[in-house]
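The values are calculated or read from the model by the stated rules, or taken from the named source; none is laboratory data. None of these values were measured; they are calculated from a predicted model. Cβ placement follows ideal geometry from the backbone for every residue including glycine, while neighbour counts extend to all protein chains displayed. Just the protein is used for accessible areas: all its heavy atoms, side chains included, with ligands, DNA and RNA removed. Shrake-Rupley method; radii C 1.70, N 1.55, O 1.52, S 1.80 Å.
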Amino acid sequence: MKNSGVEPLPTDDDIIVIEHLCKSFGKVQAVVDASLRVKRGEVCFIFGPSGGGKSTLLRCINGLEKADSGTLIVDGIDVTHKKVNIDLVRAEVGMVFQLFNLFPHLTALGNITVAQEKVRKRSKKEAERVARELLERVGMPEKADVYPDQLSGGQQQRVAMARALAMNPKIMLFDEPTSALDPEMIKEVLDVMLDLAKEGMTMVVVSHEMGFARAAADRMVFLEEGRVIEEAATDELFENPKEERTRVFLSHIL
């Protein structure tokens, strides 16, 4: 994506503002001078080759990784400020990981209630009410008392999504949520994500699921070697990518 060198000012609609963000691990530059805006209620779909910095960018957004330089503002909070209370950011940003990250010693219900009680300070009764409502929402009301090792991969991922939603986040981050799933389990996870998109949840999704992008994404971002190569509205990027590298990549996966 070409840049004129003049950054537009953030607006009230911009819930995530990333400007010239850089993050390295030793000599490896994971994110290089990345700039991106995400509006409230928008579904932003980030794709690109493996090792291109997509997951690192997501982890910077919720403070799991600390950027080396640049600006990162999430819902009005400067995440890069040295005195930032990162827990305030994480309380408003739900994240769903590739490998579920459920607590094996807790049931599905327990996995969804624990953070509500500890972080949101909800009573056990209220946390369980919310958890059961969310298990219903993700199509698993009968699995409340089941442990993760008794659930399929798709079911574990839906519990992870319910756990994130239980915190009433303003933003949901998805880091390749279907890449560890068997093909027949992918649809059940994508269906929940599609419902969230229709309800107006702000979502940043790292994935190669182009069917989801076509159905739900407002905007797509192609990231390679830590750099934003191209960014455009979904239809525009699919039909008329401007960068040759984007065209080549899409030709290999579509």
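Looking across L109, L102, L134, L151, one residue alone is of a type in the set (A, V, I, L, M, F, W, C), under 20 Å from M203 (Cα atoms) and out of contact with any Gly (no Cβ under 9 Å at 6 or more places or on another chain). It is L134.
Results for (1) among the polar types (S, T, N, Q); (2) in contact with a strand residue (DSSP E or B) (Cβ under 9 Å, 6 or more places away or on another chain); (3) without any contact (Cβ under 8 Å) to a residue 60 or more places away in the chain, shown as yes or no for each residue.
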{"site": "I18", "(1), (2), (3)": "no, yes, yes"}
{"site": "L36", "(1), (2), (3)": "no, yes, no"}
{"site": "L72", "(1), (2), (3)": "no, yes, yes"}
{"site": "K83", "(1), (2), (3)": "no, no, yes"}
{"site": "V93", "(1), (2), (3)": "no, yes, no"}
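Does region 227-244 contain any residue that is modelled with pLDDT of 95 or more and small (G, A, S)? Checking region 227-244: at least one residue is modelled with pLDDT of 95 or more and small (G, A, S).
Residues of region 144-192 that are within 18 Å of I61 (Cβ to Cβ) and touching a Phe, Trp or Tyr at 6+ places or on another chain (Cβ under 6 Å): A160, D175.
Among the residues of region 233-249, those that are surrounded by 12 or more Cβ atoms within 10 Å (Cβ to Cβ) and over 17 Å from C44 (Cα atoms) comprise K242, E243, R245, R247, F249. Listed by position, the helices (runs of 4 or more DSSP H) contained in region 117-232 that have at least 1 residues being closer than 30 Å to S251 by Cβ and open to solvent by 50 Å² or more (accessible area, probe 1.4 Å) are 183-198, 210-216. Take A127 and tell me if it is within 19 Å of the chain's Cα centre (by Cα) and either farther than 28 Å from C60 by Cβ or in contact (Cβ under 8 Å) with a residue 40 or more places away in the chain (or both). It is false that A127 is within 19 Å of the chain's Cα centre (by Cα) and either farther than 28 Å from C60 by Cβ or in contact (Cβ under 8 Å) with a residue 40 or more places away in the chain (or both).
For region 46-54, the condition of being out of contact with any strand residue (DSSP E or B) (no Cβ under 9 Å at 6 or more places or on another chain), in a loop (DSSP other than H, G, I, E, B) and open to solvent by 40 Å² or more (accessible area, probe 1.4 Å) holds for at least one residue. For region 14-45, taking the residues that are assigned to a loop (DSSP other than H, G, I, E, B) and on the phi < 0 side of the Ramachandran plot, the one that is most open to solvent (accessible area, probe 1.4 Å) is identified as K27.
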